[in-house]
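One structure below.
The values are calculated or read from the model by the stated rules, or taken from the named source; none is laboratory data. The structure presented is a predicted model; accordingly, all values stated were derived computationally and were not measured. Glycine gets a Cβ as well: all are built from the backbone with ideal geometry, and neighbour counts include every protein chain shown.
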Amino acid sequence: MYEVTLIRGDGIGPEITAATLTVLKATGVQIAWDEVEAGEEALEKYGDPLPGETIASLLKNGIGLKGPLTTGVGSGYRSLNVALRQKLDLYANLRPAVSYPRVNSLYRDIDLVVVRENTEGLYSGVEHMVGSDAAESIKIITRRASERIVRFAFKYARQNSRHRVTAVHKANIMKLSDGLFLEAAREVAALFPDIEYEEKIVDNMAMQLVQKPHQYDVMVMPNLYGDILSDLCAGLVGGLGMVPSANIGDSTAFFEPVHGSAPKYRGLDRVNPVAMILAAALMLRHLGEDEAAQRVEHAVAAVLQEGKTVTADLKGTAGTAAMARAIAEKV
Ligand code: NAD
């Protein structure tokens, strides 16, 4: 029996979480859920959007499944997602983008992995006004964080029989910060002679991913570039409803969809549950339940292939819960 922290999240979070639990139950893997709160509900109940017991639960169990959390734009509390990743030192954000059958997309057979640095860069949260008409955001890049994220990418590549790692940067302009990231990347790459290494400037990388996505494999990059390019990769495989993510540290990890809380769809039983279901499959792999993870991924593929019970973003008419039940049946 595994004990796993569960955060249902805001907006569409509760409905995609319920859908994901239906599928996980069908795998037969025994999980005791330690349910805790974060986000708008926690703020109302406890006066704190990220209560200490939520952090304590993740630290105790070492593993969690999480729905998306809403963050106000330009004001309000700091992003809870960023705070969670920083507090738990979950330095690696793994975002695989894989083509599934019959999903409406310009491309087929995409199999890309974005490895995003998750704790620093422009998401360090160091911002201030300079007088009333200028603002500064400080971008922090350290050798330690750069080395460990690039090492994570190479180890992931080796363990998953991938052949190439591309370091993505803007060191032509940010010569010190991205320059340091690149220097660290080259040093780590030299330790993995069995994996090909190359570098790409981020703007060129964006264009290359649209024009020739099949040429790429594992890509590793600082925080902001990873945030943007992973959504671009989601667009290559049918949209945000299709892409899971893992936040991984040395002793704790949690799994969530790449997408956010899509508040306008809240409670409508309309959104695609696949991103969170695939996040649960990543979680099963992390637990060593590879066979169950594979059954979930195959069930998702089978339901998409049939195309009968899929949600509106996939040009279907099924609701979130019905699609999850169809996937659970295949599991
Ligand atoms: P979003 O990802 O919530 O939604 C953008 C659009 O993508 C939606 O309007 C919808 O058209 C589509 N979409 C998203 N998920 C979908 C799904 N499962 N099925 C079908 N279509 C889907 O992005 P946003 O509107 O920019 O952000 C909303 C809130 O979510 C913000 O408060 C933001 O801070 C937060 N957010 C949280 C996380 C997280 O918890 N990890 C990640 C990103 C954004």
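Within the stretch 58-66, identify whether any single residue is within 12 Å of the ligand (Cβ to nearest atom) and more than 21 Å from Arg85 (Cα to Cα), and answer yes or no.
First pass over the stretch 58-66, keeping only residues within 12 Å of the ligand (Cβ to nearest atom): 66.
In the following step, the residues that additionally are more than 21 Å from Arg85 (Cα to Cα) were identified as none.
For the stretch 58-66, residues within 12 Å of the ligand (Cβ to nearest atom) and more than 21 Å from Arg85 (Cα to Cα): absent.
What number of residues within the stretch 1-34 are assigned to a helix (DSSP H, G or I) and touching a residue at least 60 places away in the same chain (Cβ under 8 Å)?
Final tally of qualifying residues: 13.
Conditions first: (1) modelled with pLDDT of 95 or more; (2) more than 10 Å from the ligand (Cβ to nearest atom). Ser230 passes all but one, so which condition is the exception?
Going through (1) modelled with pLDDT of 95 or more; (2) more than 10 Å from the ligand (Cβ to nearest atom) one by one, Ser230 breaks only (1).
Scan the stretch 134-155 and give yes if some residue there is modelled with pLDDT of 95 or more, in contact with a His (Cβ under 8 Å, 6 or more places away or on another chain) and surrounded by fewer than 19 Cβ atoms within 10 Å (Cβ to Cβ), otherwise no.
Yes: the stretch 134-155 contains one or more residues that are modelled with pLDDT of 95 or more, in contact with a His (Cβ under 8 Å, 6 or more places away or on another chain) and surrounded by fewer than 19 Cβ atoms within 10 Å (Cβ to Cβ).
When you scan the stretch 203-220, how many residues do you find that are part of a helix (DSSP H, G or I) and surrounded by fewer than 18 Cβ atoms within 10 Å (Cβ to Cβ)?
Of the residues in the stretch 203-220, 9 are part of a helix (DSSP H, G or I) and surrounded by fewer than 18 Cβ atoms within 10 Å (Cβ to Cβ).
Is one or more of the residues making up the stretch 94-103 over 30 Å from Arg144 (Cα atoms), modelled with pLDDT under 90 and surrounded by fewer than 19 Cβ atoms within 10 Å (Cβ to Cβ)?
yes
Hey, Leu268 hits all of (1) closer than 30 Å to Leu176 by Cα; (2) within 13 Å of the ligand (Cβ to nearest atom) but one; which does it fall short on?
(1) is the only condition that Leu268 fails.
Can you find, within the stretch 22-40, the residue that is farthest from the ligand (Cβ to nearest atom) among those that are closer than 19 Å to Ser57 by Cα and of a type outside the set (D, E, K, R)?
This residue is Gln30.
Just give me the residues in the stretch 157-182 being in a loop (DSSP other than H, G, I, E, B) and either at positive phi or among the hydrophobic types (A, V, I, L, M, F, W, C) (or both), in sequence order.
Ser161, Ala171, Ile173, Met174, Leu176
Hand me the list of strands (runs of 3 or more DSSP E) wholly inside the stretch 35-149 holding 1 or more residues that are farther than 24 Å from Gly11 by Cβ, touching a Phe, Trp or Tyr at 6+ places or on another chain (Cβ under 7 Å) and not charged (D, E, K, R). Write out each step before concluding.
On the way: elements: 63-66, 92-98, 111-117, 127-129, 135-137.
The qualifying strands (runs of 3 or more DSSP E) are 92-98, 111-117.
If you scan the stretch 184-195, which residues turn out to be surrounded by fewer than 20 Cβ atoms within 10 Å (Cβ to Cβ), touching a residue at least 40 places away in the same chain (Cβ under 8 Å) and assigned to a helix (DSSP H, G or I)?
If the condition is that a residue be surrounded by fewer than 20 Cβ atoms within 10 Å (Cβ to Cβ), touching a residue at least 40 places away in the same chain (Cβ under 8 Å) and assigned to a helix (DSSP H, G or I), then Glu187 is the only one that fits.
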